[in-house]
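Below is one structure; the comments refer to it alone.
Nothing in this text is a laboratory measurement; each read-out follows from the coordinates by a stated rule. Treat the numbers as computed from the prediction; the structure is a model and nothing was measured. Every residue, glycine among them, receives a Cβ derived from its backbone with ideal geometry; neighbour counts consider all protein chains shown.
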Protein chains: 2
Amino acid sequence: MTHPLDALFRPRSVAVIGASSDPNKIGGRPLAFLKRAGYRGAIYPVNPSAERVQELAAYPSLAAIAAGVDQAIIALPGKAVLAAVDDCAASGVRAVQVFSAGFGEGGEDGQREQAELRARAAAAGMRVLGPNSLGLFNTADSFFGTFATALDGAWPRPGSVGVATQSGAFGSYFFGLAQARGLGFSHFVATGNECDVDVAECVTFLAQDAATRVIVMAVEGCKDGARLIAALGAARAAAKPVIAMKVGVSQAGARAAATHTGSLAGEDRVFDAVLAEFGVYRAQSLEEIVDVAYCASVAPLPRGTRLAVITTSGGIGVLAADAAEARGLELPPVGAATQAAIAALIPLAGGVNPVDTSAGIIGDLSLYSKAAGAMLADRPYDAVLCFLAHIGRNPAHWAQLRDSLYALRRRHAGLPFIAVLLADTALIGELEAEGFAVFADPTRAVNAIAAASRLGAAPAAAAPPAASRPPRRLAGRPATEADAKEALAALGIDFAPEQRAGSADAAAAAAAALGYPVVMKILSPDIVHKTEAGGVALGLASDTAVRAEYAAMHGRVAARMPAARIEGVIVARQLGGGVEVLVGTQRDPVFGPVVTVGMGGVMTELMDDVTLRRAPVDEDGARAMLEATRVGRLLCGFRGAAAADVGALARLIARTSEIAFDNRDHIAAIDLNPVLARHDGAHALDAVIAFQGDAA
Amino acid sequence: MTHPLDALFRPRSVAVIGASSDPNKIGGRPLAFLKRAGYRGAIYPVNPSAERVQELAAYPSLAAIAAGVDQAIIALPGKAVLAAVDDCAASGVRAVQVFSAGFGEGGEDGQREQAELRARAAAAGMRVLGPNSLGLFNTADSFFGTFATALDGAWPRPGSVGVATQSGAFGSYFFGLAQARGLGFSHFVATGNECDVDVAECVTFLAQDAATRVIVMAVEGCKDGARLIAALGAARAAAKPVIAMKVGVSQAGARAAATHTGSLAGEDRVFDAVLAEFGVYRAQSLEEIVDVAYCASVAPLPRGTRLAVITTSGGIGVLAADAAEARGLELPPVGAATQAAIAALIPLAGGVNPVDTSAGIIGDLSLYSKAAGAMLADRPYDAVLCFLAHIGRNPAHWAQLRDSLYALRRRHAGLPFIAVLLADTALIGELEAEGFAVFADPTRAVNAIAAASRLGAAPAAAAPPAASRPPRRLAGRPATEADAKEALAALGIDFAPEQRAGSADAAAAAAAALGYPVVMKILSPDIVHKTEAGGVALGLASDTAVRAEYAAMHGRVAARMPAARIEGVIVARQLGGGVEVLVGTQRDPVFGPVVTVGMGGVMTELMDDVTLRRAPVDEDGARAMLEATRVGRLLCGFRGAAAADVGALARLIARTSEIAFDNRDHIAAIDLNPVLARHDGAHALDAVIAFQGDAA
């Protein structure tokens, strides 16, 4: 199988431009690593002032190499890079790695040089990794084109985890931590400034790579949403779990990220939604990536969330149960018959899940395996956590348990077994060879199981293809709330009955026609946040109140926003009851239009109860979004209220998302807040449409 | 210094009843451990069938020992324990440890035996640890009265961490994890069934113990709130940080806890509030206890939340910044002059905090210390995180950095330095000896710093002593909402204007007197949840509406709750605007009356936005509670609304808490939900009082 990145990841030959005899220098390290790894392709050190470099025949220039060169590694000072790239182009090199720094991350000059580098390589049809890349390695083909100092302390063990990281320092520290934990690697690649190859394209490569079963990706931002979506789709199609990390979430983090790379951290929540769409697990720490990747590579993935816990310590059982429930795992209890059977084996045993064998098994530790076997025979579970305390440190105890435990594990070959115990590395290795994932801390074990169960869950149905529905093109460019409502109503969005009014008399007439109580809102193309401007009044219950408010509101708004053009007010029937929901869309610069659903009204910002998806979503997708929010729980008739028409609300959300998608070339955002979800339908009470190019 | 528990923790002599020659048996292990530890007191094995046990002279009975015996360890089958306790009483033993199981945790017979054990020991003035205790050790006095198998794998290193745990298995696994991490211990005690000595009393002991600087406590529940409060007060008075763990939070966890020990997990949130009151850090996992105890015992505690991060990797810097912000730490940036000074040292360096030295220091790693020194000279920080990647694994690199880093650390002796790097145990030990806390995972390091900063913060002022205020004794035993409001109003609680009405005519008259719009609520001694019963109507704006609703409400309530006695309705002026706040109290069976503040109205359960404190609180305490909730943020005038009268609300909360406290002998709960906080005061709109002995 060939892949566009083969020349990078598994070249048949490699030249090192700037090759050094010192294996501690940036141009010497890849040579030393390639030799140490036993790379079977041709290695060409390029160095005009040496005949041999690290015992290999050296060449004064790339042109002096007679055979074709698949890949060139450029380990030169930044200023010499462009000339070297030209040499590579002239020699028919297919892929270039640029270790040199001082490009996109180093001010305007560097950015200009990086653009030039990219253009020259593209013109020659060469792929580029970097600049400012730490390089890559591929254990299956023994190719080590990197200068990572992390390899000094820890030579990678071959395995099934493929790593694509933007930051080399970040990636290599992760590698060091993971290696210490015993993870086995297929590939590791650091993309650096990403003038051409990015993390997403590497993920696509890993998705089709035979040696890779688990993919780890670490980014600080994403500049090309389509590439990332293609990559995550490829990984999903190949059924390979993806564990992702993205830093730069916090204010201080984003500030640091901005100084660190050229890439925008972007809207973190949109990134999160894209990861969720493709079933990617987003880790919050390096250690968590290590734990989850370890669990997914050592044990099968759980197919669901039902965890069996068997423990020698009641207290640890309770701790594990707490942690499991906090992370969305269930602990289905065993039945009375099984409980009795376990009690017959071990009189001091207790519990239905966790099952606590207690210290009553001391003397015959095979009872532990018998109790676990009874538990697993009772009902289906998706994962098993075996807490074994110090048993592995006492040879006599371990000998009592070992064979029966391994036999049990083999009888349930498809089920992930996670052993939690204190043991030396030899025993941990033995357990891993038997298919146990091994943890010392019970909470970390539970966290990894929960993450693995999310990776192992069948992915949600892909978003439906652009349906055969007619497009919902927006007419014109509505400027006021009233205009926006009319335009959206024409596309199928339902609004509460309302009328415009340009005088107190007209407002009173509108209120009488609509029925009391009414809401009054200021009508102005210049005011988006009407509440803050004093331009919203609720509960007007009489002709007198409406007339008085008309004048009062104009006075307040004029005082707060004297420059705003006022076109009168909107008078709307005040609908009682119901649940206020926010429905909005925005066009993300990286991923395109997204739809947001959450708690509506004044509580939106305060409660932070929102969920996002890429637009469009269909009604099922809209329902799933509602289920992901707290406000969604109110819809089914919370505390005696009538249940809302969730179908109507889901239709409104889906239609809004379609409008955002179909008009993504000019709509920047739609804001329906609140939408009132009632038993008789879903009625938007407010509408704002923002267009691209509008002042923020 | 003497302490009531000295005979347990540091006896001058110890007898082991049931002493065994086999050091793997429960009666043999403590002898082996005492010998190994070099315990300097007298050891008396008691065994009627041996002359010598483990090379020590054995005694046929306790009575045969001529000298006085300070402590006896009972390692006998459960049925022989009571007789042995009688022997101890007869011999003047001061303290007894009971290793034997099968008491309080083993059904009714066992509970009866445990009560008997307790009574006989108390009558003789003997203190008891256990039964079902794993024992204890004390490294300062080399006393190892325990059969913990964890000691086989890891002999404790003396140090400053004292551990008091209820569950022995839980505690010993924690010990194993902590020992692997290099923690040093002063004491370890497992209290088991706690028929006498409990974890709280051990914490009190550790608070006054000279060798102990950091206290770890692990419980599944608490039966004696006063003892725990005294213990936490003693630790606070001694300025010793306490790290606590309590399991049994989740449903499955509580189920497992109930099968595991006799102790009720109780209301977890009340426990949480008590810990918070005393500045205790509550850890969520074993590893987190280890991390926090390690950090607190190796480095000084931070005095605040200002963290300086200096890093060789921008990506790790961003990760640390994200984690710090998520955990409430600040990263104050250095000023422009310092930034310029660092850039002059290291041209590729970036950032203002984190400061990223980048790989530009390779060649002269002392630049790292210079940059860090510039950063620390710029402004005050409370803790320093030094990310050092793999530097410690490269001897040449480490030699460049070492001296300057240690010199910097010594210049800032009072400041905690946390080093994050991959290193072997020798280097970790060296760093610890220089006063660095060492972590491999940056996120865990940040978490430990954040926890330590909370432990290091000056504790909040203790709750004021029972003031000289007159008690707020409740008159009578109000049965309906209207009665409750009258009784509470008499004690200083402000309610919205309202009237009772027993007919549609009376309701209409009341509404006219109060002013429209009005609220109508059903009045019944049998209905607590009026909304669910159909007994609340809002926004009644006319005479017609009030009359119609009167009939409609009676019909609804009669249909839903046919057995309820109906005494008419309450008609109240519907106050507009404002923020709905829940103010409630409940009497916790362990800790007494507590006050709860949170988001009010129908959102209370949904939002889970509540905070608790022991009652009474004063106005300052009430304000602090409001600041701990989301609803508190609404009070200062969210989104253009008028700011609420927070002083009035705080007074209402304080008064309510005083009422709960002053009537704690008969009030079970008070529920004011909602209290409407407006610019003109805080008005309770509803009131329920529940009394002890009421049907739930």
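Averaged over the residues of peptide B:166-173, the number of Cβ atoms from other protein chains lying within 10 Å of each residue's Cβ is 6. Comparing Cα centroids, segment B:18-60 and segment A:473-507 end up 91 angstrom apart. Our summary gives segment A:26-100 a relative contact order of 25 percent, counting only alpha carbon pairs under 8 angstrom and 6 or more residues apart. Summary of the geometry: segment A:125-146 and segment B:660-676, compared by the centres of their Cα atoms, lie 69 Å apart. Straight-distance candidates among the lysines for linking to B:Lys246, with alpha-carbon spacing under 24 Å and chain neighbours fewer than 8 residues away dropped: B:Lys223. Placing unit charges on the Cβ atoms of the charged side chains and taking the dipole of chain A about its Cα centre, the candidate lying farthest along the positive direction among A:Pro517, A:Ala684, A:Ala545 is A:Ala684. Under Stokes-Einstein, with the Kirkwood radius over Cα pairs as Rh, the value for segment B:380-523 at 25 °C and 0.890 mPa s is 112 µm²/s. In segment A:378-421, the ratio of gyration radius to Kirkwood radius, Rg to Rh, stands at 1.00 when only Cα atoms are counted. Here's the picture: charge each Lys and Arg Cβ at +1 and each Asp and Glu Cβ at -1 in segment B:364-445, and of B:Gly373, B:Leu405, B:Pro395 the one pushed furthest to the positive end of that dipole is B:Gly373.
A label point on A:Pro347, set 7 Å along the Cα-to-Cβ line, lies at 8.1 nm from each of its counterparts in the other copies, closest listed first. With bins 10 Å wide beginning at 0, the percent of Cα pairs of segment B:138-297 falling in each bin runs 11, 44, 37, 8, 0.
Remark: mean inter-chain Cβ contacts per residue of A:302-315 equal 3, using a 10 Å Cβ-Cβ cutoff to other protein chain atoms. In chain A, inverting the average of 1/r over every pair of distinct C-alpha atoms gives 29.2 Å as the Kirkwood radius. Length, then width, then depth: along the principal axes, the Cα atoms of segment A:513-626 run 47, 34, 26 Å. What the pair-distance distribution of segment A:64-124 shows, using all Cα-Cα distances binned every 10 Å from zero, is 23, 55, 19, 3 percent. Considering only B:Val197, B:Phe147, B:Gly159, whose Cα is most displaced toward the positive end of the charge dipole of segment B:114-252, charges sitting on Cβ of Lys, Arg (+1) and Asp, Glu (-1)? Positive-end residue among those listed: B:Gly159.
Between B:Glu51 and B:Arg157, the simple label model (points 7 Å from Cα in the Cβ direction) yields a spacing of 4.4 nm. Reported to the nearest whole Å, the Cα centre-to-centre distance from segment B:343-381 to segment A:588-623 is 42. Evaluated at q = 0.15, 0.16, 0.20 Å⁻¹, a Debye calculation over the C-alpha positions of segment B:319-425 (equal weights, vacuum) places log10 I(q)/I(0) at -0.63, -0.72, -1.16. Computed over chain B, relative contact order equals 8 percent, with contacts defined as Cα pairs under 8 Å that lie 6+ residues apart. Tell me the angle of helix A:543-560 to the major Cα principal axis of chain A, expressed in degrees between 0 and 90 and rounded to the nearest ten. Relative to chain A, helix A:543-560 is tipped by roughly 50 degrees.
Considering only Cα atoms, the convex hull volume of segment A:130-179 works out to 76 Å³ per residue. Shown is the FRET efficiency for B:Glu605 and A:Arg269, computed with R0 = 25 Å from the Cβ-Cβ distance and rounded to the nearest 0.05: 0.45. Each Lys and Arg contributes +1 and each Asp and Glu -1, all at the Cβ; summed about the Cα centre of chain B, the dipole is approximately 980 debye. Only alpha carbons enter this Debye calculation for segment A:2-46, each as an equal point scatterer, and the log10 of I(q)/I(0) it gives at q = 0.27 Å⁻¹ is -0.98. A label point on A:Asp109, set 7 Å along the Cα-to-Cβ line, lies at 8.9 nm from each of its counterparts in the other copies, closest listed first.
Between 0 and 90 degrees, rounded to the nearest ten: what's the tilt of helix A:225-237 against the longest Cα principal axis of chain A? So the inclination is approximately 60 degrees. Counting only alpha carbon atoms, the long axis of helix B:107-123 and the longest principal axis of chain B meet at about 70°.
Stokes-Einstein, applied to the Kirkwood radius of segment B:453-570 over Cα pairs at a viscosity of 1.567 mPa s and 4 °C, places its translational diffusion at 78 µm² s⁻¹. Computed on segment B:1-60, with alpha-carbon pairs under 8 angstrom and 6+ residues apart, the relative contact order is 31 percent. Taken over the alpha carbons of segment B:608-696 as equal point scatterers, the Debye sum produces base-10 log I(q)/I(0) values at 0.13 Å⁻¹ of -0.45. Alpha-carbon geometry of segment B:1-113: the Rg and the Dmax are 13.9, 41 Å, given in that order.
Taking every Cα-Cα distance in segment B:82-227 and sorting them into 5 Å bins from zero, the calculated P(r) comes out as 2, 10, 19, 22, 20, 14, 9, 4, 1 percent.
Shielding value for A:352-361 is 3, the average number of Cβ atoms from other chains within 10 Å of each residue's Cβ.
Explain nothing, just the number: dipole magnitude of segment B:1-70 about its Cα centre with +1 on each Lys and Arg Cβ and -1 on each Asp and Glu Cβ, in debye rounded to the nearest 20. Display every interim value, and only then the final one.
Values: 8 positive and 5 negative charges, 43 e Å.
Value, rounded to 20: 200 debye.
Taking only alpha carbon atoms, the protein assembly as shown gives an Rg to Rh ratio of 1.00, where Rh is the Kirkwood radius. Kirkwood hydrodynamic radius computed over segment A:297-351 comes to 12.8 Å, based on all pairs of distinct alpha carbons. Spherically averaged projected area of the convex hull of Cα atoms, segment B:537-696: 11.0 nm².
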